[in-house]
1. Given a cut-off of under 8 Å on Cα pairs at least six residues apart, what relative contact order in percent is computed for the range 140-201?
2. Using a Gaussian network model of the chain with C-alpha springs under 10 Å, which one of K344, K330, K211 is most mobile by mean-square fluctuation?
3. For the range 40-165, max minus min Cα coordinate along each principal axis, in Å, sorted largest first?
4. Pull out the extension gain between D361 and I406, defined as 0.36 nm times the separation in residues minus the alpha carbon to alpha carbon distance; nm, one decimal.
5. Compute the FRET efficiency between E97 and E148 as 1/(1 + (r/R0)^6), taking r as their Cβ-Cβ distance and R0 = 22 Å, and round to the nearest 0.05.
6. What Kirkwood radius, in Å to one decimal, follows from the Cα pairs of the range 96-170?
7. Take each uninterrupted DSSP H stretch in the chain, measure its Cα extent along the helix axis, and return the ones at 24 Å or beyond whose mean Kyte-Doolittle hydropathy is at least 0.0.
8. Could you tell me how far the Cα centroid of the range 345-393 sits from the Cα centroid of the range 144-196, in Å?
Amino acid sequence: MAKQNSDSRRAFLKNSLGALAAFTIVPRHVLGRGYLAPSDQLTKAVIGTGGMGRGHFGYAGTRVVALCDVDKSHLKLAMDQLGDKSKGVKTFADYREVITLPEVDIVHVATPPHWHGIIAADAARAGKDIWCEKPMTATIGEGKRLVEAVQQHGRIFRLNTWFRFEDRFYGMGTTVKPIKKLVDSGLLGWPLKVTVSKHTGFDWKFYWVGKTNLEAMSVPKELDYDMWLGPAPYRPYNPHRVHQTFRGYWDYDGGGLGDMGQHYLDPIQYFLGKDDTSPVSVEVDAPQQHPDAVGTWRRITYTYADGCQIILDGEGADEKAAYIEGPKGKLYPGFRSDIQDLEKKLASFPDPAPQQTDFVDAVKNRRKFALNEENGHRSATLVNMGKIALRLNRSLKFDPVKQEFIDDAGANALIYQPMRGPWTI
């Protein structure tokens, strides 16, 4: 793909969006809340048709009308999977063409994380609602910019980790709802310490590590590797960098922390009531990380201003740790507790407030989704704070209001990582 400077990229979007006025087919939400399409379905474009992108074709109330991928083999797999439903579906190699399609309501961003912020922000500016895979963004700075774009353009945003509102929460053996109810009840006391490890039901998947001796290889003819890299620094192609194993490299993700972190940490942020803030410090105990390849770590500790802590026990050193520990009691996997008659006592307390968990309804009626750009950014910040502390191999102080590190220029330099031209957010 030919290089363009950032001005030409913005001009591309501006000119394309301006051209939409000439079309008579427009997204259903543009026509107002009273309009119903003949099928009452929302149309969507899936950008990134690897395993994750292909896994969400059949979401109820939506219909795929466009696919985009920089790998032609992925596009073919996606079209084959759609089968008879592929009739009329448009395919693209450049997401910038997709987001200007007037027939698209929702853009589903299922690329590697180093692309999430740019594509989602551009989609918001193009008037599309967004379904984005986790982690929400690869850096804290990209998250801040994405929040601004979504809110400035009045879009509905969903981050695709759902454990704060449905499904059994890994090894806890329950949904998050009763955990939230327990925390809100005060029966455990305050402040609380949450330990996330294989012993409390959360495996950190340390097989997502990078290799330090990658051999430069020829790029497959079906892959546009320059576009796959996008804003990331140029590095010679090796298949271990892309597709299923990209998580092992700092340029694109953050190993097991990047892969599973937002799944594990977003519900904790929710039940601790921290959706509008961030920790004031992050401490790390880990081997020195390679500048390119992600390694393993022993322990990451986040501390909030009120004393609450989240402990990421990477190697499962504390075999007897409770999942949640407070001054009045503990909660273990399986909703076991050292509080006598816990469920009976808990029954007298109110349930947590209901959440907006139907994305199609949220889009049609312009209602903020349960896991949106704001709280999603805060839980992504947990992941990204940990990544920065690991890469620098030092503990850091953080200002949750300014969303920057205190007296640490090196850490702040990683809030907004430089992007390879022509990419900006």
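1. Details: 26 pairs, mean separation 12.8, N = 62.
With pairs under 8 Å counted, the relative contact order is 21 percent.
2. K344
3. 40, 32, 28
4. Values: separation 45, 0.36 × 45 = 16.20 nm, distance 4.11 nm.
Answer, rounded to one decimal: 12.1 nm.
5. Rounded to the nearest 0.05, the efficiency is 0.35.
6. Computed over the range 96-170, the radius equals 12.6 Å.
7. Long hydrophobic helices here: none detected.
8. 5
The values are calculated or read from the model by the stated rules, or taken from the named source; none is laboratory data. These numbers come from a predicted model, not from an experiment. Using ideal geometry, Cβ is built from the backbone for each residue, glycine included, and neighbour counts are taken over all protein chains shown. Accessible surface areas use protein heavy atoms only, side chains included; no ligands, DNA or RNA. Shrake-Rupley method; radii C 1.70, N 1.55, O 1.52, S 1.80 Å.
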